[in-house]
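Chemist: One structure, as structure tokens, below. Some questions next.
The values are calculated or read from the model by the stated rules, or taken from the named source; none is laboratory data. Note that this is a predicted model, so its numbers are computed, not measured. No Cβ is skipped: glycine too gets one built from the backbone with ideal geometry, and neighbour counts run over all protein chains shown. To get the accessible areas, we keep the full protein, side chains included, count just its heavy atoms, and leave off ligands, DNA and RNA. Shrake-Rupley method; radii C 1.70, N 1.55, O 1.52, S 1.80 Å.
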Amino acid sequence: MNFRELQYVLVLEEERSFSRAAQKLFIAQPSLSQYISKLEEKLGMQLFDRSTVPLQLTYAGELYVEMAKNILGLKDQLTRQIDDIHSLKKGRLTIGLSTFRSSYVLPKVLPPFKQAFPGIEVFLMEGTVHELEEYAKKGTTDLSIMTLPISSEYFSYEPILTEELLVAVPPTHQLRSQSNSNHSGIPYSLPRISLADLRDDPFIVLGHRLRQTTLDLCQQAGFKPKIILTTRSTEAAHALVAEGLGVTIIPDTLVLLGNILKHPLYFSIDLPPTEDPLTTRILTLAYHKERYLSKAAQEFISLTKNLLGTFKSS
């Protein structure tokens, strides 16, 4: 069975005449008659009663026509859906990211993306860096928002922006006289302080990777931090620092993009020039290099790079 067989039977059923059906199909009447006869021979039963004028369907013919209409209808629907996907009218996009980033990256990116492509359904998969890599390997996600380095050899990535790690301290901290932060967030440039100035402060740390970075930075400054809390919640860490519970190290994009009501004070981290890479991280959109990257995913990457790059440079 092929689509041409289905089409020929449906046109013949509609016209109830070999001559009229052949004209509509732009083929010779003998060719159509021979084609239908061979189809009936292959099926082992007649589809049309040729003893009547006009032609009538047999019971087998009625069943065949009903299924043919369903099959061709599904084919037409699939064709239109594929066309819609190509034109980004319809589709599905699964994004992997950490809980840490979902609270401040997605509110800036998803609303304009959905406005531009309302027919694209977006799914979110939150997880650790290791879990995000596994999602990508299995094809569970189309792309993930991650920072370098990415350990998996399966990934390709598009850089979005470079984050600077900042120190956030309570508004009543003894370093407040050196701060030029204010209630609206961070200014374009911040005073630099040595982490050694915070050796006696309790630390609140975010996530697994940033926890290790915090330990490394403090070690370079000559001390081991007194960690009192580890959390994945950026809002919780910020609120606790603002209330005076401790200090934390955070990416500047959290402050630039986050909707934070009560701000701590912010400082850049002063390190020897050779150690500066520890205080910056490259945020990327990563995807499995051997899997098809859909048009929706490509548009999401382009829009995210434009939006977040604009926020960072403004």
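Chemist: Grab the beta carbon distance between Thr79 and Gln178, set R0 = 51 Å, and tell me the FRET efficiency rounded to 0.05.
Modeler: Computed FRET efficiency for Thr79 and Gln178 comes out at 0.20.
Chemist: Still on this structure, please answer the following. Which percent of the accessible area of segment 1-130 is formed by carbon and sulfur heavy atoms (probe 1.4 angstrom)?
Modeler: Values: 4350 of 7720 Å².
Carbon-and-sulfur percentage of accessible area, whole number: 56.
Chemist: Per DSSP H run of at least 4 residues, take -39500 (n - 2.57); add these up for the chain, divide by its residues and hand me the 222 nm value, nearest 500 deg cm²/dmol. Please list the in-between numbers first.
Modeler: Details: 11 runs with 136 residues, N = 314.
After summing the helix terms and dividing by the residues of the chain, the value is -13500 deg cm²/dmol.
Chemist: On to the next question. Express in nm, to one decimal, how much length is gained between Gln34 and Gln219 on full extension, taking 0.36 nm for each residue of separation and deducting their alpha carbon distance. Before the final figure, lay out each step's value.
Modeler: Values: separation 185, 0.36 × 185 = 66.60 nm, distance 8.70 nm.
In short, 57.9 nm is gained.
Chemist: Now, a different point. So how compact is segment 44-93: Cα radius of gyration and Dmax in angstrom?
Modeler: 17.8, 56
Chemist: Give the residue from Ser31, Pro54, Phe3 lying farthest towards the positive end of the charge dipole for segment 1-57; charges sit on Cβ (+1 for Lys and Arg, -1 for Asp and Glu) and the dipole is referred to the Cα centre.
Modeler: Of the options given, the answer is Ser31.
Chemist: Using a probe radius of 1.4 Å on heavy atoms only, what accessible surface per residue do you get for the chain? Whole Å² is fine.
Modeler: 53 Å²
Chemist: A follow-up question, please. Mind checking the dipole of segment 50-159: about its Cα centre, +1 per Lys or Arg Cβ, -1 per Asp or Glu Cβ, Debye to the nearest 20?
Modeler: Rounded to the nearest 20 debye, it is 380 debye.
Chemist: Looking at segment 1-90, which chymotrypsin sites (Phe, Trp or Tyr not before Pro) are DSSP coil and have at most 14 other C-beta atoms within 10 Å of their C-beta? Working shown, then result.
Modeler: Details: sites: Phe3, Tyr8, Phe18, Phe26, Tyr35, Phe48, Tyr59, Tyr64; in loops: Phe26.
Answer by residue number: Phe26.
Chemist: Relative contact order of the chain: what whole-number percent is it, with Cα pairs under 8 angstrom and at least 6 residues apart?
Modeler: 22 percent
Chemist: Three principal axis extents, largest first, for the C-alpha atoms of segment 42-149, in Å?
Modeler: Largest first, segment 42-149 extends 76, 30, 17 Å along its Cα principal axes.
Chemist: Would you kindly give the portion of the calculated P(r) for the chain that falls above 26 Å, as a percent of all Cα pairs?
Modeler: Within the chain, distances greater than 26 Å cover 60 percent of Cα pairs.
Chemist: For the chain, build the charge dipole from Cβ charges (+1 Lys, Arg; -1 Asp, Glu) around the Cα centre, then report which of Ser152, Ala22, Ile120 sits farthest towards its positive end.
Modeler: Comparing the listed Cα positions along the dipole, Ala22 ranks first.
Chemist: Nearest 20 debye, what's the magnitude of the dipole of the chain about its Cα centre given +1 on Lys and Arg Cβ and -1 on Asp and Glu Cβ?
Modeler: 300 debye
Chemist: Step through the residues of segment 124-133 one at a time and calculate ³J(HN,Hα) from phi using the Karplus curve (6.51 cos²θ - 1.76 cosθ + 1.60, θ = phi - 60°), rounding each to whole Hz and writing x for Gly and Pro.
Modeler: These are the phi-based 3J(HN,Hα) values: 10, 10, 8, x, 6, 4, 4, 5, 5, 5 Hz.
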